[in-house]
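Novice: First the structure, which I've put down as C-alpha cells, then a few questions once you've had a look.
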Amino acid sequence: MKEQNKNIILYATIAVLLLLLPLAAMTRGIVNVDFHEVVLFLVDPTNPQIAPIHADVLAYMRAPRFVLALLAGGTLAVTGAVMQALFRNPLADPYFLGISSGAALGAVLMMSANITVLAGFSAVPLGAFIGAGLSTFLVLWLTHRYGEGKSFMTLIAGLGIHAVCSAAISLIISLAPNSRTVANISYWLLGSLERSGWDKNLYLASIALPIIVFFLLRTRILNLMLLGDIEASTLGYRLEKSRSRYIFLCAMAVAMVVYNAGIIGFVGLAVPHIARLLVGSSYERLLPVCVALGAGFLAWADVFSRLALENGDMPIGIIVSLLGSPIFLHLLLKRKRV
C-alpha cells in the first residue's frame, strides 16, 4: 500500500510539473509575456486580446522552442535507456557509439560549406543522418571484425570514432572562413534550442515519435537484453538482429536531435538512472517515466537557460549539467545509504 501511494505521489508530481511547464516556458524570456495572455494563447492562439507582438513571440519563438525541448528531451532519455539495455552498460548513453560526433560532423560539413540542399533534401539534417549512420556502422564493424562482438570493444571503437570526428570538427572550425561561421558552429555544438521552428520540429517528430512508440511496444525484448544473449536464447529469443535494428533506430533519432539542438549531454545518461531509482528497472515502467522526465527536465532547463543571462541565452548543455548533476548525485547517494 505504501509503495502504491509513493507511485501515486510520484506520478502526480511529474504531472503537475509538466502542466506548469507551458506557463513557465512561455512567460519568461527577454520579452516577458503576461500569464493571462499565455493562457489565452493556449486556448485560442488567434484571440484578439493577446498583444500582437506577444502573439508573434508565442507562436514563432516560445511555442516551437517548448515543443522542441519536449521532443529532444524525451528522445534522448528513451534512447539512453535503450542503449543501456542493448549493451548492459550503465554508462551507455545516446552518444555511446560516437553517434553524436558523427551526426555533428555531417551537419558541420554542410554548415561550413553553406550547402542548403543536397539530392533534393535539406542538407544539414541529411548530413547529420549520414554522419550518424556511418559512425554507427564503423563502430559495429570494428566491434565484430576485431572484438568478436564484445561490448568492451564497442566502447573502445566508439571512443575512437568520437575522437576522430571531434578532431575533424575542430579542424573545420579552425579553417572556417570567418568568425561568424565559427561562432555559429561553436554555439550550436554546446547545445541550443534558440533556432527552433515548426518545420524543424516536424522533421524531428516524424522520426523520433515513431521510434519512441516502437521502443515502448518492445519493452519485453529490452528486459530480455538485460539478461544477456545466452539466457534469452534459452527462452527462444535471438537478440542479435534486434540489437542491430535498435542501434540503427537510436542513431537516426539522435541524429535528428543533434541537427535540431546540437549536442546536449547528460540527459540520455542520467535521466534513465533517475527513472530507475524511482520506479525500478522493468522497462514497462521505466520507458514511460523516461519520456516524461526527459521531456520535462530539458524543458525546465531551457527556461533557466533563458533566465541565466540578461540579454541572451546560455547554452542549454551547460544548464543541463549544472541542474542535473546535483540531482543525480543526490539520488545515487540516497540509494547508497538505503
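The values are calculated or read from the model by the stated rules, or taken from the named source; none is laboratory data. Because the structure is a prediction, the values reported are computed rather than measured. Note that we place each Cβ from the backbone using ideal geometry, even for glycine, and neighbour counts take in every protein chain shown.
Novice: Given the structure, is SER281 hydroxyl-bearing (Ser, Thr, Tyr), at pLDDT below 85 and closer than 22 Å to LEU91 by Cβ?
Specialist: no
Novice: OK, next. Taking ALA69 as the residue in question, decide whether it is over 23 Å from the mean Cα position of the chain (by Cα) and either part of a helix (DSSP H, G or I) or among the acidic types (Asp, Glu) (or both). Walk me through it before giving the result.
Specialist: Values: over 23 Å from the mean Cα position of the chain (by Cα): no; either part of a helix (DSSP H, G or I) or among the acidic types (Asp, Glu) (or both): yes.
Here the answer is no, as ALA69 does not meet what is asked.
Novice: Hey, among VAL108, VAL78, which residue is assigned to a helix (DSSP H, G or I), within 14 Å of the chain's Cα centre (by Cα) and either at pLDDT 85 or above or among the aliphatic types (A, V, I, L, M) (or both)?
Specialist: VAL78
Novice: Applying the selection to region 251-290, what residues are of a type in the set (S, T, N, Q) and in a helix (DSSP H, G or I)?
Specialist: ASN260
Novice: Tally the residues that are in contact with a Phe, Trp or Tyr (Cβ under 9 Å, 6 or more places away or on another chain) and surrounded by 19 or more Cβ atoms within 10 Å (Cβ to Cβ), restricting the search to region 112-125.
Specialist: Qualifying residue count for the region: 2.
Novice: Looking only at residues in region 57-111 that are buried (at least 24 other Cβ atoms within 10 Å of the Cβ) and of a type in the set (Val, Ile, Thr), which one is nearest to VAL43 (Cα to Cα)?
Specialist: THR75
Novice: Scan region 129-166 for residues that are surrounded by fewer than 16 Cβ atoms within 10 Å (Cβ to Cβ) and closer than 20 Å to GLY317 by Cβ and jot them down.
Specialist: LEU159, ALA163
Novice: Additional query: So which pairs qualify, if the first residue must be in region 173-190 and of a type in the set (A, V, I, L, M, F, W, C), the second must be part of a loop (DSSP other than H, G, I, E, B) and surrounded by 17 or more Cβ atoms within 10 Å (Cβ to Cβ), the Cβ gap must be under 6 Å, and the two must be at least 6 apart or on different chains?
Specialist: Cβ pairs passing all conditions: VAL182/ALA176; TRP188/GLY262; LEU189/GLY262; LEU189/ILE263; LEU190/PRO315.
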